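Student: This is the structure I want to talk about, given as C-alpha coordinates.
The values are calculated or read from the model by the stated rules, or taken from the named source; none is laboratory data. Only a predicted model underlies this, so the values are computations on that prediction, with no experimental measurement involved. All Cβ positions, even for glycine, are placed from backbone atoms using ideal geometry, and neighbour counts span all protein chains on display. Only protein heavy atoms, including side chains, enter the accessible area calculation; ligands, DNA and RNA are left aside. Shrake-Rupley method; radii C 1.70, N 1.55, O 1.52, S 1.80 Å.
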Amino acid sequence: MAALILRHVAQRCLCSRLRPPGCFRSAVAMGTTAKQEMDGFWEKNARLNRPLSPHITIYGWSLPMMMSITHRGTGVAMSAGVSLFSLAALVLPGDYASYLELIKSLNLGPALIYSAKFAIAFPFMYHTWNGIRHLAWDLGKGFKIPEVYQTGYIVVGLTLLSAAGIAAL
(Lines give C-alpha, C1' and ligand atoms only; values in the text may rest on other atoms or scores of the structure.)
Protein backbone atom coordinates (compact mmCIF):
# COMPACT_ATOMS: atom_id res chain seq x y z
CA MET A 1 0.00 0.00 0.00
CA ALA A 2 2.82 2.37 0.87
CA ALA A 3 4.48 1.62 -2.48
CA LEU A 4 1.30 2.55 -4.39
CA ILE A 5 0.99 5.83 -2.51
CA LEU A 6 4.67 6.65 -3.11
CA ARG A 7 4.28 5.88 -6.81
CA HIS A 8 1.19 8.06 -7.10
CA VAL A 9 2.87 10.98 -5.33
CA ALA A 10 5.98 10.65 -7.51
CA GLN A 11 3.92 10.71 -10.71
CA ARG A 12 2.02 13.80 -9.58
CA CYS A 13 5.26 15.50 -8.64
CA LEU A 14 6.90 14.79 -11.98
CA CYS A 15 3.90 15.83 -14.04
CA SER A 16 2.93 18.97 -12.17
CA ARG A 17 6.08 20.49 -10.70
CA LEU A 18 9.10 19.35 -12.69
CA ARG A 19 7.43 19.15 -16.13
CA PRO A 20 10.02 17.50 -18.32
CA PRO A 21 10.73 19.24 -21.64
CA GLY A 22 8.87 16.57 -23.62
CA CYS A 23 5.65 16.98 -21.62
CA PHE A 24 2.64 17.66 -23.82
CA ARG A 25 1.17 20.14 -21.39
CA SER A 26 3.92 22.61 -22.23
CA ALA A 27 3.55 22.20 -26.02
CA VAL A 28 2.67 25.31 -28.01
CA ALA A 29 0.32 25.16 -30.98
CA MET A 30 1.96 25.67 -34.38
CA GLY A 31 1.48 29.06 -35.98
CA THR A 32 0.59 27.75 -39.44
CA THR A 33 -0.46 24.52 -41.07
CA ALA A 34 1.35 22.85 -43.93
CA LYS A 35 -1.37 23.99 -46.34
CA GLN A 36 -0.95 27.59 -45.22
CA GLU A 37 2.82 27.31 -45.68
CA MET A 38 2.42 25.97 -49.23
CA ASP A 39 -0.17 28.62 -50.11
CA GLY A 40 2.22 31.29 -48.88
CA PHE A 41 5.04 29.78 -50.91
CA TRP A 42 3.04 29.81 -54.15
CA GLU A 43 1.66 33.31 -53.49
CA LYS A 44 5.19 34.63 -52.96
CA ASN A 45 6.39 33.00 -56.21
CA ALA A 46 3.45 34.44 -58.13
CA ARG A 47 3.99 37.90 -56.59
CA LEU A 48 7.70 37.84 -57.51
CA ASN A 49 6.82 36.54 -61.01
CA ARG A 50 9.05 33.50 -60.61
CA PRO A 51 8.79 30.73 -63.23
CA LEU A 52 7.47 27.28 -62.42
CA SER A 53 9.86 24.37 -62.26
CA PRO A 54 11.36 23.85 -65.74
CA HIS A 55 10.05 21.07 -67.90
CA ILE A 56 12.35 18.55 -69.57
CA THR A 57 11.59 20.03 -73.00
CA ILE A 58 13.46 23.26 -72.26
CA TYR A 59 16.77 21.57 -71.52
CA GLY A 60 19.37 21.28 -74.24
CA TRP A 61 20.31 17.62 -74.62
CA SER A 62 23.96 17.02 -73.85
CA LEU A 63 26.16 13.95 -74.08
CA PRO A 64 26.41 13.43 -70.28
CA MET A 65 22.62 13.73 -69.94
CA MET A 66 21.97 11.20 -72.70
CA MET A 67 24.63 8.84 -71.33
CA SER A 68 23.12 8.97 -67.85
CA ILE A 69 19.67 8.16 -69.18
CA THR A 70 21.10 5.38 -71.37
CA HIS A 71 23.04 3.92 -68.44
CA ARG A 72 19.87 3.69 -66.38
CA GLY A 73 17.92 2.32 -69.34
CA THR A 74 20.46 -0.40 -70.09
CA GLY A 75 20.49 -1.38 -66.43
CA VAL A 76 16.72 -1.73 -66.37
CA ALA A 77 16.70 -3.54 -69.73
CA MET A 78 19.35 -6.03 -68.63
CA SER A 79 17.59 -6.66 -65.34
CA ALA A 80 14.27 -7.23 -67.10
CA GLY A 81 15.92 -9.41 -69.77
CA VAL A 82 17.69 -11.63 -67.27
CA SER A 83 14.52 -11.94 -65.20
CA LEU A 84 12.39 -12.86 -68.21
CA PHE A 85 15.01 -15.32 -69.52
CA SER A 86 15.21 -16.97 -66.08
CA LEU A 87 11.44 -17.19 -65.80
CA ALA A 88 11.22 -18.67 -69.30
CA ALA A 89 13.90 -21.22 -68.45
CA LEU A 90 11.86 -22.31 -65.42
CA VAL A 91 8.43 -22.36 -67.04
CA LEU A 92 8.87 -23.40 -70.67
CA PRO A 93 9.24 -27.07 -71.58
CA GLY A 94 12.41 -28.38 -73.15
CA ASP A 95 15.97 -27.25 -72.69
CA TYR A 96 18.22 -24.57 -74.16
CA ALA A 97 19.50 -26.82 -76.95
CA SER A 98 16.01 -27.44 -78.29
CA TYR A 99 15.29 -23.71 -78.53
CA LEU A 100 18.65 -23.08 -80.17
CA GLU A 101 17.80 -25.69 -82.79
CA LEU A 102 14.43 -24.01 -83.32
CA ILE A 103 16.15 -20.69 -84.04
CA LYS A 104 18.61 -22.40 -86.43
CA SER A 105 15.73 -24.07 -88.26
CA LEU A 106 14.20 -20.65 -89.06
CA ASN A 107 17.08 -20.05 -91.54
CA LEU A 108 17.38 -16.38 -90.68
CA GLY A 109 19.83 -14.36 -92.72
CA PRO A 110 23.27 -13.51 -91.35
CA ALA A 111 22.46 -9.79 -91.25
CA LEU A 112 19.42 -10.39 -89.03
CA ILE A 113 21.34 -12.72 -86.73
CA TYR A 114 24.23 -10.25 -86.47
CA SER A 115 21.80 -7.42 -85.73
CA ALA A 116 20.08 -9.44 -83.00
CA LYS A 117 23.41 -10.38 -81.43
CA PHE A 118 24.52 -6.72 -81.58
CA ALA A 119 21.25 -5.63 -79.93
CA ILE A 120 21.86 -8.11 -77.11
CA ALA A 121 25.56 -7.24 -76.71
CA PHE A 122 25.11 -3.44 -76.81
CA PRO A 123 23.46 -2.95 -73.37
CA PHE A 124 25.99 -5.23 -71.68
CA MET A 125 28.97 -3.48 -73.23
CA TYR A 126 27.61 0.04 -72.72
CA HIS A 127 26.75 -0.62 -69.09
CA THR A 128 30.17 -2.20 -68.52
CA TRP A 129 32.21 0.63 -70.09
CA ASN A 130 30.10 3.37 -68.52
CA GLY A 131 30.33 1.54 -65.19
CA ILE A 132 34.13 1.66 -65.45
CA ARG A 133 33.81 5.40 -66.15
CA HIS A 134 31.70 5.76 -63.00
CA LEU A 135 34.31 3.85 -61.01
CA ALA A 136 36.89 6.40 -62.18
CA TRP A 137 34.55 9.14 -60.98
CA ASP A 138 34.29 7.38 -57.62
CA LEU A 139 38.06 7.73 -57.40
CA GLY A 140 37.71 11.47 -58.04
CA LYS A 141 39.03 11.41 -61.60
CA GLY A 142 37.54 13.02 -64.72
CA PHE A 143 35.12 15.58 -63.31
CA LYS A 144 36.18 18.51 -65.48
CA ILE A 145 33.73 19.20 -68.31
CA PRO A 146 36.20 18.47 -71.16
CA GLU A 147 37.14 15.19 -69.46
CA VAL A 148 33.46 14.26 -69.02
CA TYR A 149 32.87 14.70 -72.75
CA GLN A 150 36.13 12.97 -73.70
CA THR A 151 35.43 9.92 -71.55
CA GLY A 152 31.85 9.93 -72.86
CA TYR A 153 33.02 9.68 -76.45
CA ILE A 154 35.52 6.99 -75.44
CA VAL A 155 32.74 4.97 -73.78
CA VAL A 156 30.52 5.27 -76.87
CA GLY A 157 33.39 4.22 -79.15
CA LEU A 158 34.43 1.27 -76.99
CA THR A 159 30.81 0.20 -76.70
CA LEU A 160 30.27 0.15 -80.45
CA LEU A 161 33.57 -1.65 -81.12
CA SER A 162 33.18 -4.28 -78.41
CA ALA A 163 29.49 -4.92 -79.17
CA ALA A 164 30.34 -5.31 -82.87
CA GLY A 165 33.19 -7.68 -81.97
CA ILE A 166 31.02 -9.81 -79.70
CA ALA A 167 28.23 -9.91 -82.29
CA ALA A 168 30.73 -11.16 -84.88
CA LEU A 169 31.61 -14.22 -82.76
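Student: Would you please give the FRET efficiency between Ile145 and Arg72, computed as 1/(1 + (r/R0)^6) with r the Cβ-Cβ distance and R0 = 22 Å, to the nearest 0.05? Walk me through the numbers before you get to the answer.
Tutor: Working: r = 21 Å, r/R0 = 0.97.
So, using R0 = 22 Å, E works out to roughly 0.55.
Student: What percent do you get for the relative contact order of the stretch 78-169 when only Cα pairs under 8 Å and 6+ apart count? Numbers along the way, then the final one.
Tutor: Working: 35 pairs, mean separation 33.6, N = 92.
About 37 percent, as a whole number.
Student: In addition: Would you kindly state the longest site-free stretch of the chain, with sites defined as trypsin sites (Lys or Arg not before Pro) in a DSSP loop (not H, G, I, E, B) surrounded by at most 12 other Cβ atoms within 10 Å? Please report the intermediate quantities before stating the final value.
Tutor: On the way: sites that count: Lys141, Lys144.
In the chain, the maximal stretch lacking such sites is 1-140.
Student: On to the next question. Mind checking the stretch 31-129 for chymotrypsin sites (Phe, Trp or Tyr not before Pro) that DSSP puts in a loop (not H, G, I, E or B) and that have at most 12 other Cβ atoms within 10 Å?
Tutor: On the way: sites: Phe41, Trp42, Tyr59, Trp61, Phe85, Tyr96, Tyr99, Tyr114, Phe118, Phe124, Tyr126, Trp129; in loops: Tyr59, Trp61.
Passing sites in the stretch 31-129 are Tyr59, Trp61.
Student: Under a cut-off of 27 Å between alpha-carbon atoms, report the lysines in cross-link reach of Lys35, not counting same-chain residues fewer than 8 places apart.
Tutor: Reachable lysines: Lys44.
Student: Ok, one more. In degrees from 0 to 90, rounded to the nearest 10, what is the angle of the helix 96-105 Cα long axis to the longest principal axis of the chain?
Tutor: Roughly 50 degrees, rounded to the nearest 10.
Student: A further question on this structure: Could you give the size of the charge dipole of the stretch 31-169 about its Cα centre, using +1 on the Cβ of each K and R and -1 on the Cβ of each D and E, expressed in debye and rounded to the nearest 20?
Tutor: Working: 10 positive and 7 negative charges, 74 e Å.
Around 360 debye, computed over the stretch 31-169.
Student: Accessible area of the chain with a 1.4 Å probe: how many percent of it is carbon plus sulfur?
Tutor: 71 percent
Student: Please compute the per residue accessible area over the chain with all protein chains in place, 1.4 Å probe, rounded to a whole number of Å². All intermediate terms of the calculation are to be shown ahead of the outcome.
Tutor: On the way: 13680 Å² over 169 residues.
In whole numbers, the chain has 81 Å² accessible per residue.
Student: Which FRET efficiency value, to the nearest 0.05, is calculated for Met65 and Ser115 with the Förster distance at 35 angstrom and r the Cβ-Cβ distance? Walk me through the intermediate numbers first.
Tutor: Numbers: r = 27 Å, r/R0 = 0.78.
Here the calculated transfer efficiency is 0.80.
Student: Moving on. Between Tyr153 and Leu102, what's the calculated FRET efficiency when r is the beta-carbon distance and R0 is 45 Å? Round to 0.05. Walk me through the numbers before you get to the answer.
Tutor: On the way: r = 40 Å, r/R0 = 0.90.
With R0 = 45 Å, the Cβ-Cβ based efficiency is 0.65.
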